[in-house]
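Trainee: This is the structure, below, for whatever I ask next.
The values are calculated or read from the model by the stated rules, or taken from the named source; none is laboratory data. Model, not experiment: these values are computed from the prediction. Ideal geometry is used to build each Cβ from the backbone, glycine not excepted, and the neighbour counts take in all protein chains shown. Ligands, DNA and RNA are stripped out before the accessible areas are found, and what is left, the full protein with its side chains, is counted by its heavy atoms. Shrake-Rupley method; radii C 1.70, N 1.55, O 1.52, S 1.80 Å.
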Amino acid sequence: MADSLSTGLVEEKETEKEDRERATKAVNADQNKKEDGVTDTRGFHDKNGGTRGQKGNLSDLSLVRFITTELTRGYFLEHNEAKYTERRERVYTCLRIPKELEKLMTFGFFLCLDTFLYVFTLLPLRVILALLRLLTVPCCGLGGSRLLQPAQVCDVLKGFIMVLCYSMMSYVDYSMMYHLIRGQSVIKLYIIYNMLEVADRLFSSFGQDILDALYWTANEPKEKKRAHIGVIPHFLMAVLYVFLHAILIMVQATTLNVAFNSHNKSLLTIMMSNNFVEIKGSVFKKFEKNNLFQMSNSDIKERFTNYILLLIVCLRNMEQFSWNPDHFWVLFPDVVMVITSEVAVDVVKHAFITKFNDISADVYGEYRASLAFDLVSSRQKNAYTDYSDSVSRRMGFIPLPLALLLIRVVTSSVKIQGSLSFMCVLLFYLGMITLKVLNSIVLLGTSCMFVKGAKMEEKLFDPPPSVASSRANSRANRSKNTHTAAPQEPTSDRAGVSLTPGVSPPTEKPEGTSSAIPKSDSDTFLTTPDEDDDNKILNNEMGLEGDGLKHRTPKKDLLEIDRFTICGNRID
C-alpha cells in the first residue's frame with residue numbers, strides 16, 4: 001500500500017515537471033517568433049528563408065539589399081491629404097495672381113486716366129462756367145443766394161493754381177536741366193533717381209492734405225469760429241506745392257531721358273534693376289489684406305506715372321529729331337523694356353506676397369469693388385467730395401503737377417502757327433473730351449456692376465460722417481490704445497461701458513453708443529457689407545465678447561482702413 005502511494009506521488013511530480021517544461025518551451029517559442037518578426041522587418045534573411053541575428057554573416061547584408069529596399073519602398077500621399085491639397089491650392093493661387101492683378105491694374109489705370117483727362121477737358125469748362133456765374137449773379141440781383149457753389153469754388157481754385165504754376169514753369173529751362181544732369185556720373189544719377197522716387201512719395205502723401213485744407217478753408221461756413229490762417233496763405237502753400245512737385249517730376253523725366261540717350265544703356269539697365277530690389281523689400285514682410293490693398297494702389301499710381309514719364313521722354317526725343325517716325329522705333333525697344341520690367345516685378349511681388357501670407361486671389365475683386373464704390377458714390381446727390389480728389393486720397397495720385405508738366409512739355413515741343421494748326425488743336429481737344437466722356441461712361445457702368453456684385457448698394461445711401469462721430473471714433477481709438485498699454489487700470493468709454501479687468505460689461509447699452517462708430521468715410525476702404533449689427537461691431541471694437549473682457553488687439557476690418565498713405569505702405 002505504501003509503495004503504491006509513493007509511486008503515485010512520483011508520477012504526479014513528473015507530470016508537473018513535464019507541464020513546466022512545455023510552458024517554458026512555449027514561452028521560448030513566442031520569443032523566437034518575436035525575434036523573427038523584428039529581424040524580418042529589418043530585412044535580414046538567409047537563403048532558406050530563416051531568420052538570422054545581427055551576429056550572422058554580415059557579408060550577406062550587402063549594399064545591394066539596402067539599395068533594393070530603397071528602390072522598392074513606397075508611401076501613401078492620401079495619408080496627408082489636407083497638406084497636399086493646400087499646396088496645390090497655393091500653386092493655383094499663384095497662377096491666378098497675374099490675371100487678377102492685371103484686372104485690378106487695368107481698372108485702376110483707367111480710373112487714373114479719367115482723373116488725368118478731367119484736368120484737360122472738363123476742368124477748364126467748369127472754371128469758365130463758374131466765372132460766368134460769378135459775373136452774372138450780382139447783375140441779376142440775387143443777393144440772398146451764394147455766388148458760387150462749393151464745387152465751383154474748388155474748380156476756380158484749381159484753375160488759378162494751374163495758371164500761376166504754368167507761368168512759373170515757363171521760366172524753367174528744360175534744355176539746361178537736361179545737360180546739367182547728363183554731365184553727372186552714372187552712379188550719381190542712379191542715386192539721384194532713387195532720391196527723386198522717395199521725394200515723390202513724400203510729396204504725394206502730403207500734397208493732397210494741402211489741397212484739401214485749401215478747399216475746406218475756402219468753403220467753411222462763416223458762422224463757425226475761425227480756426228485757420230486764412231484762404232490766401234493756404235492758396236500760396238498749394239501753389240508752392242504744385243510747382244515744386246512739378247519740378248521734381250521734371251527732373252525724374254529728364255533723368256530717364258538721359259538714360260534713354262546714353263550710348264551703352266548702362267544707366268537704364270541700373271534703373272530697371274532697381275525695380276527688382278523692390279521685391280526684396282516687400283516679399284519677405286508680413287502683409288494683411290489691408291496692407292496689400294495699399295500696395296496695389298501704390299503700384300497702380302506708379303505704373304500710370306511711368307507711362308506719362310515715358311510719353312514725355314518720347315515727345316522730347318521726337319522733337320529733337322524733327323518728328324522723324326524712324327526715331328520712334330529706335331526708342332521703342334527701351335520703352336518695352338521699361339514697361340515689361342515694371343509688369344514682371346508687380347506680378348512676382350504680388351504672387352509671392354499672397355503665397356507667403358496665405359491670401360486668396362479673390363481679394364483683388366474686393367479691391368476693384370472698393371475703387372468702384374468711390375466712383376459710384378461721387379455721382380450721388382449726397383456726395384461730399386469730387387471723384388478726382390477721392391482717387392488722389394485713395395491712390396496718392398495727384399494729377400495737377402503731372403498735368404502741368406505735360407502741358408509745359410507739349411507747348412515747348414509743338415509749335416502752333418497758322419489757322420490750320422489751331423483747327424488741329426481744336427479737333428484734338430474735342431477728341432480728348434470724347435475720350436473722357438466715353439471712358440467715364442464705361443467706367444461708371446463697370447463700377448455699378450462691381451458694386452452690385454459685392455452687394456454694396458445700401459452703403460451708397462449712407463449719410464456722410466459728421467464731425468461729432470469722427471471725434472467720438474477717435475476718442476474710442478485713444479481709449480483702446482490706453483487700455484492696451486495699461487490693462488490693469490480701469491477705463492471706460494464714452495458710452496459708460498466699464499473696461500475694468502474681470503468685470504463683466506453691462507448687458508444693455510445706451511442707444512447713442514452706435515453713433516460713435518461711423519458707418520462710412522470718403523477715405524475708408526469699403527467692401528462687402530457686414531452681416532453683424534452695430535452692437536456686435538462695438539463689442540468687437542472694444543474687445544468685449546460674452547460675459548468677460550478679453551485683452552487682445554482688435555483686428556482691423558477692411559472698413560477701418562484710413563486713407564491711403566503712400567509712404568511706407570502701413571496702417572497706423
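Trainee: Which of the peptides 202-208, 319-325 is most tightly packed, and how do the rest follow, judged by the mean count of other Cβ atoms within 10 Å per residue?
Mentor: 202-208, 319-325
Trainee: If each of ASP173 and GLU220 carries a label point 7 Å out from its Cα toward its Cβ, how far apart are those two points in nm?
Mentor: 4.4 nm
Trainee: Which pairs in the list LYS349/LYS455; LYS381/LYS436; LYS83/LYS103; LYS103/LYS349; LYS158/LYS349; LYS103/LYS286 are over 27 Å apart, alpha-carbon to alpha-carbon?
Mentor: LYS349/LYS455; LYS83/LYS103; LYS158/LYS349
Trainee: Let me ask something else about it. Ranked highest first by the average count of other Cβ atoms within 10 Å around their residues, in what order do 120-128, 158-166 fall?
Mentor: Descending packing order for the listed peptides: 158-166, 120-128.
Trainee: Here's a follow-up. In nm, to one decimal, how far is the modelled label at ARG379 from the one at ARG96, with both set 7 Å along Cα→Cβ?
Mentor: 2.9 nm
Trainee: What FRET efficiency do you get for ALA26 and PHE356 if R0 is 56 Å and r is their Cβ-Cβ distance, rounded to the nearest 0.05?
Mentor: Efficiency, from the Cβ-Cβ distance: 0.35.
Trainee: What is the extension gain from ASP19 to ILE128, computed as 0.36 nm multiplied by their sequence separation minus the C-alpha to C-alpha distance, in nm to one decimal?
Mentor: Fully extending the segment from ASP19 to ILE128 adds 27.2 nm.
Trainee: What are the ³J(HN,Hα) values, in whole Hz, obtained from phi via the Karplus relation 6.51 cos²θ - 1.76 cosθ + 1.60 with θ = phi - 60°, for each residue of region 440-449 in sequence order, with x given for Gly and Pro?
Mentor: Computed from phi, the couplings for region 440-449 are 5, 5, 5, 5, 5, x, 5, 5, 4, 5 Hz.
Trainee: With each label point set 7 Å from Cα along the Cα-Cβ vector, what nm distance links VAL343 and ILE229?
Mentor: Computed distance between label sites VAL343 and ILE229 equals 4.6 nm.
Trainee: Take the Cβ-Cβ distance between ASP209 and TYR75 as r, set R0 to 45 Å, and report the resulting FRET efficiency rounded to the nearest 0.05.
Mentor: According to the calculation, E is roughly 0.15.
Trainee: Whole Å is fine, so just give me how far the alpha carbon centre of region 277-302 lies from that of region 311-376.
Mentor: Centre-to-centre distance over Cα atoms comes out at 15 Å.
Trainee: Which order do peptides 392-403, 78-89, 188-199 fall in by mean Cβ count within 10 Å, highest first?
Mentor: My ranking of the peptides, most packed first, is 392-403, 188-199, 78-89.
Trainee: At 1.4 Å probe size, with no ligands or nucleic acids counted, give the accessible surface of LEU315 in Å², nearest ten.
Mentor: Around 40 Å² of this residue is reachable by solvent.
Trainee: Next up: Rank SER419, SER273, SER388 by accessible area, highest first, at a 1.4 Å probe radius?
Mentor: SER419, SER273, SER388
Trainee: Also, quick follow-up: For region 389-397, take each phi angle, set θ = phi - 60°, evaluate the Karplus expression 6.51 cos²θ - 1.76 cosθ + 1.60, and give the result in whole Hz per residue in order, putting x for glycine and proline.
Mentor: With coefficients 6.51, -1.76 and 1.60, one gets 6, 5, 5, 5, 6, 6, 9, x, 9 Hz.
Trainee: Using a 1.4 Å probe and counting only protein heavy atoms, arrange ILE279, ILE441 so the residue with the most accessible area comes first.
Mentor: So, going from the largest accessible area down, we get ILE441, ILE279.
Trainee: Moving to a separate point now. Considering only protein heavy atoms, what is the solvent-accessible area of LEU135 at a probe of 1.4 Å, reported in Å² to the nearest 10?
Mentor: 120 Å²
Trainee: Could you give each residue of region 405-420 its phi-based ³J(HN,Hα) in whole Hz, using Karplus coefficients 6.51, -1.76, 1.60 with θ = phi - 60°, and x for Gly or Pro?
Mentor: Going residue by residue, I get 5, 5, 4, 5, 5, 5, 5, 7, 8, 10, 9, 9, 9, x, 5, 5 Hz, with x marking Gly and Pro.
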